[in-house]
1. Would you pick out the residues in the stretch 80-98 that are part of a helix (DSSP H, G or I) and buried (at least 17 other Cβ atoms within 10 Å of the Cβ)?
2. Kindly list the number of the only condition in (1) free of Cβ contacts under 8 Å to residues at least 40 places away in the same chain; (2) touching a His at 6+ places or on another chain (Cβ under 8 Å); (3) surrounded by 14 or more Cβ atoms within 10 Å (Cβ to Cβ) that fails for ARG38.
3. Would you mind stating whether PHE46 is modelled with pLDDT of 95 or more and under 10 Å from the mean Cα position of the chain (by Cα)?
4. Only one of GLU66, GLU37 is of a type in the set (Asp, Glu), over 23 Å from GLU2 (Cβ atoms) and touching a strand residue (DSSP E or B) at 6+ places or on another chain (Cβ under 8 Å); which?
5. Name the one entry in ALA63, ALA56, ALA70 that is surrounded by fewer than 18 Cβ atoms within 10 Å (Cβ to Cβ), among the hydrophobic types (A, V, I, L, M, F, W, C) and either within 10 Å of the chain's Cα centre (by Cα) or in a loop (DSSP other than H, G, I, E, B) (or both).
6. Is it true that VAL27 is more than 13 Å from the chain's Cα centre (by Cα), farther than 20 Å from GLU2 by Cα and of a type in the set (Val, Ile, Thr)?
Amino acid sequence: MEMVLAGAGGCTAYDVVMILKRGRHQVERCSVKLSSERAEKDPKVFTKIHLHFTVAGRGIPPAAIERAIALSHDTYCSATIMLGKTAQITTSFEQIEL
């Protein structure tokens, strides 16, 4: 289950970076921390997942980061879209200006 969660984090972080770079934003780093809760009874699926992104770069508008995260979550990341069938997925981010 930890690998499933890690895969979802990697998938969505990759999407966020690619979306920002396509928008010609200067992204230097992106990381994501995941926290989750699982059901108490088998099959113990994820019931809550929170993804917290840290995006570092130059002059990236916060709205662009929010949009990239939303596009990944809603459209591009198959892993989080699939996990969203059983889990409430929330996101947050912090930005580091370089």
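The values are calculated or read from the model by the stated rules, or taken from the named source; none is laboratory data. These numbers come from a predicted model, not from an experiment. In this analysis, Cβ positions are derived from the backbone assuming ideal geometry, glycine residues included, and neighbour counts consider all displayed protein chains.
1. Here is the first cut: in the stretch 80-98, the ones part of a helix (DSSP H, G or I) are 80-83.
Those that are part of a helix (DSSP H, G or I) and buried (at least 17 other Cβ atoms within 10 Å of the Cβ): THR80, ILE81, LEU83.
2. (2)
3. no
4. Result of the check over GLU66, GLU37: GLU66.
5. Exactly one residue qualifies, and that residue is ALA70.
6. yes
Here is a yes/no grid of residues against (1) of a type in the set (Val, Ile, Thr); (2) touching a Ser or Thr at 6+ places or on another chain (Cβ under 8 Å):
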residue	(1), (2)
CYS30	no, yes
GLU37	no, yes
ALA79	no, yes
GLY84	no, no
ILE96	yes, yes
